[in-house]
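Visitor: So that we are looking at the same thing, I have put the structure below in structure tokens.
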Amino acid sequence: MGWIQNANAAVARSVVGRYFRLEGSGHPRARKGSSFFTEIRAGLATFFAMAYIISVNSTIVSDTGGTCVCPIDSPDLCVTDSAYLLCKQDIRRDLVTATAAISALTTFCMGLFANMPIALAPGMGLNAYFAYTVVGFHGSGLVPYQVALTAVFVEGFVFVGLTLIGLRQSLARAIPASIKLATGVGIGLYLTLIGLTYSAGIGAVQGASATPMELAGCHPASMDPETGLCPSSDKMRNPTMWIGIFCGGFFTVFLMMFRVKGAIIAGILLVSIISWPRPTPVTYFPHTELGDSAFDFFKQVVAFRPIKNILVVQWWNVSEYGAQFGLAFITFLYVDILDCTGTLYSMARFAGAIDEKTQDFEGSAVAYLVDAFGISIGSLMGVPPVTAFIESGAGISEGGATGLTAMTTGLCFFISIFFAPIFASIPPWATGCTLIIVGAMMAKAVTQINWRYLGDAIPAFLAIAIMPFSYSIAYGLIASIVSYIILNGGVWVIEKVSGGRIEVPGKELKEPWTHKLEGGILPPWMVRAAHGKRDFWKRPEDEESYASGRTLDGAEVGTGEKRPEVSGGEKNDRSSGSSVEGHDARV
């Protein structure tokens, strides 16, 4: 339409267009194919692809109980304590606001300052590790909720330091490729197991005694009060489980197969709408004290819910939890380095923003700083570490190429803050299959692991297996890294001691340890400053473009007219990319 083209051209010629490097703005590094309305549409696509995180994250993290206190002598970890459950319900409402708020803030800042079409939110996998390993179900884990938030806060500022000295990329590349891939797969299986349980899923499996786990699917009221297991006659008869499987599972997958934007949030909403009416067997609002409280909040529909119980609750004296605090901190650091760095790079490459010479992307240092500060600010709001979301690919595939895409997504998250009663009323069986779908999407990286050489394969397999089986990401990482050092270090020692006479057959199949960064570990701006360049913040490419009077896509500076493309030049085609929905931790 003519008015849209005119509006796009007007915005591109404005200060806004030049700042965000829209096509036709005259900026030397204008993003090819970008336009104002395309960016807005792309931002909406990203939001609908990842809006599920508001309800899923609040459901998972609220399982810790937050600042609620469960008595030590409670026989069932307060599962039947109505006062504790009411407090926990209040924590979940706080987390809905906190999740939406930190997602809005960090995503908007990513667009405004880093000019990247990438959205951030509390990370899947990291939130599960935070909830079920570090803090534990109803506070039964390694450290209290407040101490875990302190570890997250410190992690964020450590990331700030690593970013400023350029070590963040180095640390990400220092991990062997197979372990990085296996970490994502293991986290995917870990999330799948959570999606199959009762607390944050559809309730299809449960822990047992004679066996580690068994089939469940019964109504919680029919469980044996002593063993907590389902009677054989009532297994797989819980209607909420079947609603979750067919309406939240198969329905969502069908939509994803047909590339429907917002498929995950559509499935969650369908199950929720079915579960909201009160006089039904699948209602989320039973006529109990807990159900009445939830329904009263739900009826408000639109309301601003302030963060009451989890705002700035860190405990700074962690001497009592020294070893546990250290383990949690290191694991958060490691997983977040792989998670955010890997996702940022994959999305930057998808958007065509990668410099093939340096393997860096525009605004990488600022993007890392936004993520790092977002982690610390998010901990003050009571949420686990934020990270870049792979669902940003949904917006990039719609043509999003600049920070306007992320800013639009951030504004959508801000608006969602005022719909807290809706997001707080989404039942766990509506989000359980989402976790399973996320796990499936993450597990596809298993095909890229080097299975041909046991020195790579066994450590990778241990990460994949131990994460879900031990219900801990940290233990899986420890087993994987230690086994890698023992196996490959042992081979190296044997070869050295034998003077090279004893060699492992097939060692040529081993993947190289890609720990070196092109250009060293220091960021480019620091290298330029060390060489005495006064305007060290300027990229050499920018100066060359200004001097030649050409933009990257061949347009005359200030005219917006393109010259013919050079044959053989590489062209980024975002439109050919499929909408990415499903997970946030591609490592």
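The values are calculated or read from the model by the stated rules, or taken from the named source; none is laboratory data. The structure presented is a predicted model; accordingly, all values stated were derived computationally and were not measured. Cβ atoms come from the backbone with ideal geometry, glycine included; neighbour counts cover every protein chain shown. The accessibility values were calculated without ligands, DNA or RNA, using every heavy atom of the protein model including side chains. Shrake-Rupley method; radii C 1.70, N 1.55, O 1.52, S 1.80 Å.
Visitor: Given the criteria part of a helix (DSSP H, G or I) and at pLDDT below 85, does residue 30 qualify?
Guide: On the way: part of a helix (DSSP H, G or I): no; at pLDDT below 85: yes.
Judged against the criteria, residue 30 is not a match.
Visitor: Look through the stretch 68-78, keep the residues that are at pLDDT 90 or above and open to solvent by less than 40 Å² (accessible area, probe 1.4 Å), and return whichever of them is nearest to the chain's Cα centre (by Cα).
Guide: 68
Visitor: Let me ask something else. State which residue is nearest to the chain's Cα centre (by Cα) when the search covers only the stretch 1-24 and only residues that are buried (at least 23 other Cβ atoms within 10 Å of the Cβ) and closer than 16 Å to residue 111 by Cβ.
Guide: 20
Visitor: Is there any pair linking a residue in the stretch 79-97 that is open to solvent by 40 Å² or more (accessible area, probe 1.4 Å) to one that is assigned to a helix (DSSP H, G or I) and of a type in the set (D, E, K, R), with Cβ under 6 Å and at least six apart or on different chains, and which?
Guide: Here the result reads 82/289, each pair linking the stretch 79-97 to a residue that is assigned to a helix (DSSP H, G or I) and of a type in the set (D, E, K, R).
Visitor: While we're here: Condition test on residue 38, is it assigned to a loop (DSSP other than H, G, I, E, B), assigned by the TED database to the domain that holds residue 402 and open to solvent by 10 Å² or more (accessible area, probe 1.4 Å)? Lay out the reasoning, then the answer.
Guide: Details: assigned to a loop (DSSP other than H, G, I, E, B): no; assigned by the TED database to the domain that holds residue 402: yes; open to solvent by 10 Å² or more (accessible area, probe 1.4 Å): yes.
Criteria not met by residue 38.
Visitor: Taking the residues in the stretch 215-229 that are open to solvent by less than 50 Å² (accessible area, probe 1.4 Å) and at pLDDT 90 or above as candidates, determine which candidate is farthest from the chain's Cα centre (by Cα).
Guide: Residue satisfying both the conditions and the ranking: 218.
Visitor: So which of 104, 174, 119, 100 is in the same structural domain as residue 308 (by the TED database) and more than 15 Å from the chain's Cα centre (by Cα)? Write out each step before concluding.
Guide: Details: 104 fails: more than 15 Å from the chain's Cα centre (by Cα); 119 fails: more than 15 Å from the chain's Cα centre (by Cα); 100 fails: more than 15 Å from the chain's Cα centre (by Cα).
Going through 104, 174, 119, 100 in turn, just one is in the same structural domain as residue 308 (by the TED database) and more than 15 Å from the chain's Cα centre (by Cα): 174.
Residue-wise test of (1) of a type in the set (Val, Ile, Thr); (2) modelled with pLDDT under 75.
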{"residue": "342", "(1), (2)": "no, yes"}
{"residue": "350", "(1), (2)": "no, yes"}
{"residue": "360", "(1), (2)": "no, yes"}
{"residue": "382", "(1), (2)": "no, no"}
{"residue": "386", "(1), (2)": "yes, no"}
{"residue": "390", "(1), (2)": "yes, no"}
{"residue": "396", "(1), (2)": "yes, no"}
{"residue": "401", "(1), (2)": "no, no"}
{"residue": "406", "(1), (2)": "no, no"}
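Visitor: State whether the residues of the stretch 41-53 include one that is in the same structural domain as residue 118 (by the TED database), part of a helix (DSSP H, G or I), in contact with a strand residue (DSSP E or B) (Cβ under 6 Å, 6 or more places away or on another chain) and under 19 Å from residue 391 (Cα atoms). Steps first, please.
Guide: To start, the set of residues in the stretch 41-53 that are in the same structural domain as residue 118 (by the TED database) comprises 41-53.
Narrowing the set further to residues that are part of a helix (DSSP H, G or I) leaves 41-50, 52-53.
When the remaining residues are screened for being in contact with a strand residue (DSSP E or B) (Cβ under 6 Å, 6 or more places away or on another chain), the result is 53.
With the extra rule that they be under 19 Å from residue 391 (Cα atoms), the set shrinks to 53.
Yes: one or more hits.
Visitor: Residue 200 - would you say it is within 30 Å of residue 284 (Cα to Cα) and at pLDDT below 90? Can you show your working first?
Guide: On the way: within 30 Å of residue 284 (Cα to Cα): yes; at pLDDT below 90: yes.
In short, yes.
Visitor: Under the condition of being surrounded by fewer than 18 Cβ atoms within 10 Å (Cβ to Cβ) and hydroxyl-bearing (Ser, Thr, Tyr), which residue from the stretch 461-498 is nearest to residue 174 (Cα to Cα)?
Guide: Going through the qualifying residues, I end up with 470.
Visitor: Quick one: count up the residues across the stretch 254-273 that are out of contact with any Ser or Thr (no Cβ under 8 Å at 6 or more places or on another chain) and buried (at least 16 other Cβ atoms within 10 Å of the Cβ).
Guide: Let us first name the residues in the stretch 254-273 that are out of contact with any Ser or Thr (no Cβ under 8 Å at 6 or more places or on another chain), namely 254-258, 260, 262, 265, 269-271, 273.
Filter once more, keeping what is buried (at least 16 other Cβ atoms within 10 Å of the Cβ): 255-256, 262, 265, 269-271.
The total comes to 7.
Visitor: Right, another one. Taking the stretch 285-306 as the region of interest, how many residues are open to solvent by 60 Å² or more (accessible area, probe 1.4 Å), within 23 Å of residue 417 (Cβ to Cβ) and part of a loop (DSSP other than H, G, I, E, B)?
Guide: Residues meeting the conditions: 5.
So that you can scan it fast, the table gives a plain yes or no per residue for (1) open to solvent by 10 Å² or more (accessible area, probe 1.4 Å); (2) part of a loop (DSSP other than H, G, I, E, B); (3) in contact with an Asp or Glu (Cβ under 8 Å, 6 or more places away or on another chain); (4) closer than 30 Å to residue 366 by Cα:
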residue	(1), (2), (3), (4)
152	no, no, no, yes
157	yes, no, no, yes
160	yes, no, no, yes
188	no, no, no, yes
194	no, no, no, no
200	no, yes, yes, no
